[in-house]
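Right, one structure below, let's go through it.
The values are calculated or read from the model by the stated rules, or taken from the named source; none is laboratory data. Every value quoted in this text rests on a predicted model; they were computed, and no experiment measured them. With ideal geometry, Cβ positions are generated from the backbone for all residues, glycine too; neighbour counts draw on all protein chains shown. We work out accessible area using only protein heavy atoms, side chains counted, and drop any ligands, DNA or RNA first. Shrake-Rupley method; radii C 1.70, N 1.55, O 1.52, S 1.80 Å.
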Amino acid sequence: MKKTKKIAAAVLAMTMAAGLAVTGCSGRGGSNGTDGAPAEQSKETGGGGTNSSKDDAAKADDGALHLTFYYPVNVGGSAAQLIEKICADFNAENPDIFVEPVYTGNYDDTVTKIQTAMQGGTPPDVFVSLATQRFTMASTGMAMPLDELIEADGEEGKAYIDDFLPGFMEDSYVDGKIYSIPFQRSTMVLYYNKDAFKEAGLDPETPPATWEELAEYGQKLTDDGRYGVGIALNSGSAQWAFTGFCLQNSTDGQNLMSEDGKSVYFNTPENVEALQFWLDLQNEYKCMAEGIVQWTDLPTQFLAGEVAMIYHTTGNMANIHDNADFDFGTAFLPAHKRVGAPTGGGNFYISSGISEDRVQAAWKFIKFATSTDRAAQWSLDTGYVATRQSCFDTDLIKDYYAEVPQASVAYEQLPYAKPELTTYNAAEIWRVLNDNIQAAVVGDMSAREALDAAQEQAEEVLSEYQ
């Protein structure tokens, strides 16, 4: 714990990044802009959450090893109670370990509380944070690599890691080492109002498959009380959506950044074209609201019939499914040169510097929380995408997809997905890109000028890592 200065500086940057990531399914943003713990408990998990704080304290004093687990909630629904139920079940099965779940708000609240705890010498033993934080977690030593734990589990450990979907596991690595385990993960899909499609003379079973069709359908769906297309352009959302559009327009599948997180490719001709398409949806086709559209407003606008198609997280699937008074569908994000989509959301990390017995207990808890059946149930209860391939062989997921076929689209799209913008000093890089995109959206810069400026500023920020 002698890394205080290094950690403090890094966590300041992380706090900025998490503050931008109010959209977090990385779990991305609450359906109603709310990150608080909701009241309703799902039927599948039995309801009730954990015991009272008195009972919890009594259990912790039983001689069991007491672990602290920090977790954020960044989507609507009953996620907080569901996590507490996972902990209660683990504690019941492992009387020698007591995991105390500490609800820490949204992602930026969580990072602030991790900072305070680490500086005070009492870090959480295990925590959930954005997958995009992995470079900072590794470079500052805030989180430990997990490879030795995996190797110690032998063939079982290898099978465990190999079972995670590659689209999610991809952003667990730093310099070839695994620093986190996928947990509450998502990707972006297109939600569309089938009733509005019928009104506009469009086939409700044929959503737009290309950018050209998106603009065409968007225009037909737009009227005095409704926009055809909704894409969030606020800070913390723009970089996520823009990752998807850049992947779709890439000639070779290149992302916005290098795999080592040390370089960005903002101002390629293909990316300039992608940003120009956003501007055209607003200014030429006039099928998307002008100015900066907020992430947290989109589901509400969609449910109110104020926008017919929205780009949004799978983490809002349960909210939209439960509250839409119209028939809705989901689809792959419309393609251009190729199909592409961004992934996001939170992973499990273990704090560095804790004792070996705590490390082992934390690892046991992570494996419990991400077991096949629990990962499948978590997907059903929250709308996050199940993180393991074996989940899709369970009756839970098969029955869920039969009942809610809209939910299967995210899984089917995942082979075409890549991590959202992830670099060293991600907070500053996100700010650079988002600020310049917004300058183009409000008309202060052209698409080319905005991305040239973003590239120049980002290269300066990342120069120390070259």
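Counting every Cα pair in the range 169-220, what percent are over 14 Å apart? So the portion of pairs separated by more than 14 Å is 64 percent. Full extension of the chain between Gln466 and Asn94 yields a length gain of 129.3 nm, computed as 0.36 nm times the residue separation minus the alpha carbon distance.
Derived scalar couplings between HN and Hα for the range 444-451 equal 7, 9, 7, 4, 5, 4, 5, 7 Hz in order, rounded to whole Hz, by the Karplus curve 6.51 cos²θ - 1.76 cosθ + 1.60 (θ = phi - 60°), x for Gly and Pro. Going 7 Å from the Cα of Lys198 along its beta-carbon direction, which residues of the range 301-330 have the amide nitrogen within less than 15 Å of the resulting point? Those under the cut-off are 325-329. Remark: C-alpha extents of the range 61-157 on the principal axes read 35, 33, 28 Å, sorted largest to smallest. Karplus-derived 3J(HN,Hα) values for the range 102-109, using 6.51 cos²θ - 1.76 cosθ + 1.60 with θ = phi - 60°, are 10, 5, 10, x, 8, 5, 6, 4 Hz; glycine and proline are entered as x.
Under 5 Å between amide hydrogens, built in the peptide plane, is the criterion, and for Thr104 it picks out Tyr71, Val73 among residues at least 5 positions away or on other chains.
Over the range 376-466, the reciprocal of the mean inverse Cα-Cα separation, the Kirkwood hydrodynamic radius, stands at 16.3 Å. Placing a pseudo-label 7 Å from each Cα along the Cα-to-Cβ vector at Lys262 and Glu403 gives an inter-label distance of 5.0 nm.
Express the accessible area of the chain per residue in Å², computed with a 1.4 Å probe while the remaining protein chains stay in the model. Each step should come with its number before you reach the end.
On the way: 17450 Å² over 466 residues.
Here the per-residue accessible area is 37 Å².
Any idea what log10 I(q)/I(0) is at q = 0.12, 0.13, 0.15, 0.22 Å⁻¹ for the range 220-345, Debye with uniform C-alpha scatterers and no solvent? After summing over all Cα pairs, the log10 values are -0.48, -0.56, -0.74, -1.42.
Sorting 269-275, 221-227 by their mean Cβ neighbour count within 10 Å, with the most densely packed peptide first, gives 269-275, 221-227. For the chain, a simple Cβ point-charge model (Lys and Arg +1, Asp and Glu -1, everything else neutral) yields a dipole of about 820 debye relative to the Cα centre. Less than 5 angstrom separates the built amide H of Ser129 from those of Asn347, Tyr349, all sequence-distant by 5 or more or on a different chain. Alpha-carbon geometry of the range 113-157: the Rg and the Dmax are 12.8, 38 Å, given in that order. Simple spin-label estimate for Ser355 and Thr300 gives 4.8 nm between the two label positions (7 Å along the Cα-to-Cβ direction from each Cα). Here the spin labels are modelled as points 7 Å beyond Cα on the Cα-Cβ line, and at Lys158 and Asn323 they lie 4.7 nm apart.
Of all the C-alpha pairs in the range 299-345, what % are more than 14 Å from each other?
Details: 593 of 1081 pairs.
So the portion of pairs separated by more than 14 Å is 55 percent.
For Thr68, the residues whose amide H sits under 5 Å from its own are Glu100, Asp125, Val126, ignoring neighbours fewer than 5 places away on the same chain, with H placed 1.01 Å from N.
Any chance you could tell me what percent of the C-alpha pair distances in the chain go past 38 Å? I get 21 percent for the Cα pairs in the chain exceeding 38 Å.
Stokes-Einstein diffusion of the range 331-441 at 4 °C, 1.567 mPa s viscosity, Kirkwood radius from Cα pairs, rounded to a whole number: 76 µm²/s. Each Cα pair of the range 105-254 feeds into the Kirkwood radius, which the Stokes-Einstein equation turns, at 37 °C and 0.692 mPa s, into a diffusion coefficient of 170 µm²/s.
Can you give the Rg/Rh ratio of the range 192-285, where Rg is from the C-alpha atoms and Rh is the Kirkwood radius? Show your work: numbers first, answer last.
On the way: Rg = 15.4 Å, Rh = 14.8 Å.
Reported Rg/Rh (Cα atoms, Kirkwood Rh): 1.04.
Heavy-atom surface analysis with a 1.4 Å probe gives the chain a carbon and sulfur content of 47 percent of its accessible area.
Need one number: % antiparallel among DSSP beta bridges in the chain, to the nearest 5.
Working: 29 of 46 bridges.
The answer is about 65 percent antiparallel.
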